[in-house]
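Read the structure below first, then the notes.
FYI, it's all coordinate maths here, none of it is from the lab. Because the structure is a prediction, the values reported are computed rather than measured. No Cβ is skipped: glycine too gets one built from the backbone with ideal geometry, and neighbour counts run over all protein chains shown.
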Amino acid sequence: MLTTLADEAEAFGVVEFKLPVPAGMAPRNAATMVFDGRIPAAGAIDGAYVRFRFSPWDARLWPYAIESDVPALQGLKGEFTAVLAPSARTARLDPAHPNWWTADPDPAAAEGTHRGAGTVSQWRVEFLRDVAARLEHCRAR
């Protein structure tokens, strides 16, 4: 079953789409789910299902369409809504994963819909200049 606007997944999480393998589809056939008209996710046959995986990086509507040499899959379309994780969940440590971290959920540390991006991107320009200088040094050799 394809998803709709009402279906939600967490932004920056991994979303898996699982469709029954159509009759006649074999490993030699191809199926790609294309998100937002430009981002491909190759399908893989896993038993009775074709699986596609995608990680949305923005909290917004994500449309997709399937491109395939299998007529039963070609042109199928759907969409889903990526939402931000609840602040209450990202603000506390997970006892099962005490060494994992997440970006600062404070709205002051956000850049647009990207929570915590301001804590890292404050060094973006300096970092990119350093990378450019190192590449220039390599090119000069």
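Residue pairs whose Cβ atoms lie under 7 Å apart, separated by 6 or more positions or on different chains, with the first residue in segment 34-46 and free of Cβ contacts under 8 Å to residues at least 60 places away in the same chain and the second assigned to a strand (DSSP E or B) and of a type in the set (Gly, Ala, Ser), are Val34/Ala65; Phe35/Ala41; Gly43/Ala31.
Yes or no: Gly75 within 13 Å of the chain's Cα centre (by Cα) and assigned to a loop (DSSP other than H, G, I, E, B)? The answer is no for Gly75.
Within segment 62-72, the only residue that satisfies the criterion of being of a type in the set (Asp, Glu) and either without any contact (Cβ under 8 Å) to a residue 24 or more places away in the chain or in a loop (DSSP other than H, G, I, E, B) (or both) is Asp69.
For Arg51, the test of being without any contact (Cβ under 8 Å) to a residue 24 or more places away in the chain and among the basic types (Lys, Arg) is failed.
With respect to being surrounded by fewer than 14 Cβ atoms within 10 Å (Cβ to Cβ), of a type in the set (Asp, Glu) and within 18 Å of Ala59 (Cβ to Cβ), Glu8 fits the description.
Of all residues in segment 44-56, those being under 13 Å from Val15 (Cβ atoms) and surrounded by fewer than 12 Cβ atoms within 10 Å (Cβ to Cβ) number 0.
Please state which one of Ala103, Ala59, Ala117, Ala31 is touching a residue at least 40 places away in the same chain (Cβ under 8 Å), under 17 Å from Gly13 (Cα atoms) and surrounded by 14 or more Cβ atoms within 10 Å (Cβ to Cβ). Break it down into steps so the answer makes sense when it comes.
Details: Ala103 fails: touching a residue at least 40 places away in the same chain (Cβ under 8 Å); Ala117 fails: touching a residue at least 40 places away in the same chain (Cβ under 8 Å); Ala31 fails: under 17 Å from Gly13 (Cα atoms).
Selected residue: Ala59, the only one of Ala103, Ala59, Ala117, Ala31 that is touching a residue at least 40 places away in the same chain (Cβ under 8 Å), under 17 Å from Gly13 (Cα atoms) and surrounded by 14 or more Cβ atoms within 10 Å (Cβ to Cβ).
Any chance segment 109-118 includes a residue that's in contact with a strand residue (DSSP E or B) (Cβ under 8 Å, 6 or more places away or on another chain) and either assigned to a strand (DSSP E or B) or not charged (D, E, K, R) (or both)? Yes, segment 109-118 contains at least one residue that is in contact with a strand residue (DSSP E or B) (Cβ under 8 Å, 6 or more places away or on another chain) and either assigned to a strand (DSSP E or B) or not charged (D, E, K, R) (or both). Of all the criteria given as (1) surrounded by 15 or more Cβ atoms within 10 Å (Cβ to Cβ); (2) in a loop (DSSP other than H, G, I, E, B), the one not satisfied by Ala41 is (2).
Report the residue count in segment 78-99 for those that are within 19 Å of the chain's Cα centre (by Cα) and more than 16 Å from Ala59 (Cα to Cα).
In the first step, residues of segment 78-99 are kept if they are within 19 Å of the chain's Cα centre (by Cα); the result is 78-86, 90.
When the remaining residues are screened for being more than 16 Å from Ala59 (Cα to Cα), the result is 78.
Looking only at that region, the number is 1.
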